[in-house]
């Protein structure tokens, strides 16, 4: 009788144990499906402590198949990553995401050779980067080193259809090389002193902080932009929309890198860091009519136009609308097709 009773107890024990395991597995599967539905792409983790899939950002990127056609998310745990990071042209659809805003720092100190200096390089189309700080530490921060001021790029971006959200780019000279392609920077910080946003990109910077560190120039004036549009049919240009321009020292809003440079500050707040002249023609004196340097509907102490250069451009409302709306970089809706939809909120 006791033996039969014990068998019954054992049977029920195993029955409820298996039910418990099944329910637990169902919950795990349910959570996985929820995460898959939320992200809808494979996700790997980078953690310096060894608790992720990879210990470095570059090793995670290296694991992505060449000519990848589906989004892959690389989530980076908090930490300072001393490495040079590159997304090559043949690895599109990578979403680099810092797990905590302000706590993921990528730093490197290469300098002088512009094509290979950058702390972070992306050559691939369809790239998203969120909540990561990129620093070229050779000249940064300027008060804590005695290195001579030279070209020291923090980020080089040459792929098309790239989005940067809540990122920081910190350097002194040539911080952000916006090489070419259509790019959208939302709620980012870009810091530097000389030509620290430069290149031939077709880009909108919206809600960004443009932080000038011209005190590091020992009395010389700084330059925020050096745009490289080379002919009147080139679609490139830098558009700063609802941005804040502040910092220390005095700076020009920009100077041309090439003959038909195009830079627009629209609805921006400018502190007294902006020099009264606003713009510099540089080596293109006598060709100012080819340049499209525009300020419209800006405010703040630095927005006073009374002493601006007389050749500053004035656009029609139609031209202004064309260049400041999202369609300037996205007339086909590519941003809405990317997984980081909150950039449009």
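Computed values, structure above
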| read-out | value |
| --- | --- |
| In the range 121-139, the residues that are more than 21 Å from residue 187 (Cβ to Cβ), in contact with a strand residue (DSSP E or B) (Cβ under 6 Å, 6 or more places away or on another chain) and assigned to a loop (DSSP other than H, G, I, E, B) | 124, 137 |
| Set 163, 153: member being touching a residue at least 12 places away in the same chain (Cβ under 8 Å), in contact with a strand residue (DSSP E or B) (Cβ under 9 Å, 6 or more places away or on another chain) and assigned to a loop (DSSP other than H, G, I, E, B) | 153 |
| Test: residue in the range 112-134 that is in contact with a helix residue (DSSP H, G or I) (Cβ under 9 Å, 6 or more places away or on another chain) and under 20 Å from residue 222 (Cβ atoms) | no |
| Matching option when the condition is buried (at least 19 other Cβ atoms within 10 Å of the Cβ), on the phi < 0 side of the Ramachandran plot and assigned by TED's automatic domain parsing to the domain that holds residue 253, among 270, 301 | 270 |
| Listing of strands (runs of 3 or more DSSP E) fully contained in the range 56-105 that carry 3 or more residues being crowded, with 16+ Cβ neighbours inside 10 Å | 72-76, 85-87, 94-98 |
| Among the candidates 272, 220, residue that is without any contact (Cβ under 8 Å) to a residue 12 or more places away in the chain, in a loop (DSSP other than H, G, I, E, B) and in contact with a helix residue (DSSP H, G or I) (Cβ under 9 Å, 6 or more places away or on another chain) | 220 |
| Those residues of the range 310-330 which are surrounded by fewer than 11 Cβ atoms within 10 Å (Cβ to Cβ) and either within 28 Å of the chain's Cα centre (by Cα) or not in a loop (DSSP other than H, G, I, E, B) (or both), in sequence order | 317, 318 |
| Qualifying position, being in the same structural domain as residue 235 (by TED's automatic domain parsing), surrounded by fewer than 24 Cβ atoms within 10 Å (Cβ to Cβ) and within 12 Å of the chain's Cα centre (by Cα), among 175, 189 | 189 |
| Pairs where the first residue, in the range 306-325, is more than 12 Å from residue 266 (Cα to Cα) and the second is assigned to a helix (DSSP H, G or I), C-beta under 7 Å, 6+ apart | 311/288; 311/289; 322/328 |
| Selection status of residue 56, more than 20 Å from residue 190 (Cα to Cα) and under 21 Å from the mean Cα position of the chain (by Cα) | yes |
| Any chance residue 259 is touching a helix residue (DSSP H, G or I) at 6+ places or on another chain (Cβ under 6 Å) and either part of a loop (DSSP other than H, G, I, E, B) or within 18 Å of residue 180 (Cβ to Cβ) (or both) | yes |
| Residue tally, condition in contact with a helix residue (DSSP H, G or I) (Cβ under 9 Å, 6 or more places away or on another chain) and closer than 17 Å to residue 181 by Cβ, over the range 227-256 | 3 |
| Set 137, 144: member being surrounded by 19 or more Cβ atoms within 10 Å (Cβ to Cβ) and in the same structural domain as residue 329 (by TED's automatic domain parsing) | 137 |
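Residue-by-condition table, conditions (1) in the same structural domain as residue 195 (by TED's automatic domain parsing); (2) in a loop (DSSP other than H, G, I, E, B); (3) buried (at least 16 other Cβ atoms within 10 Å of the Cβ):
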site: 283; (1), (2), (3): yes, no, no
site: 289; (1), (2), (3): yes, no, no
site: 295; (1), (2), (3): yes, no, yes
site: 308; (1), (2), (3): yes, yes, yes
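For (1) within 15 Å of the chain's Cα centre (by Cα); (2) assigned by TED's automatic domain parsing to the domain that holds residue 166; (3) without any contact (Cβ under 8 Å) to a residue 24 or more places away in the chain, each residue gets a yes or a no:
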{"site": "69", "(1), (2), (3)": "no, no, no"}
{"site": "72", "(1), (2), (3)": "no, no, no"}
{"site": "88", "(1), (2), (3)": "no, no, no"}
{"site": "92", "(1), (2), (3)": "no, no, no"}
{"site": "97", "(1), (2), (3)": "yes, no, no"}
{"site": "112", "(1), (2), (3)": "no, yes, no"}
{"site": "117", "(1), (2), (3)": "no, yes, no"}
{"site": "125", "(1), (2), (3)": "yes, yes, no"}
{"site": "129", "(1), (2), (3)": "yes, yes, no"}
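The values are calculated or read from the model by the stated rules, or taken from the named source; none is laboratory data. Note that this is a predicted model, so its numbers are computed, not measured. FYI the Cβ positions are ideal-geometry reconstructions off the backbone, even for glycines, and counts take in every protein chain you see.
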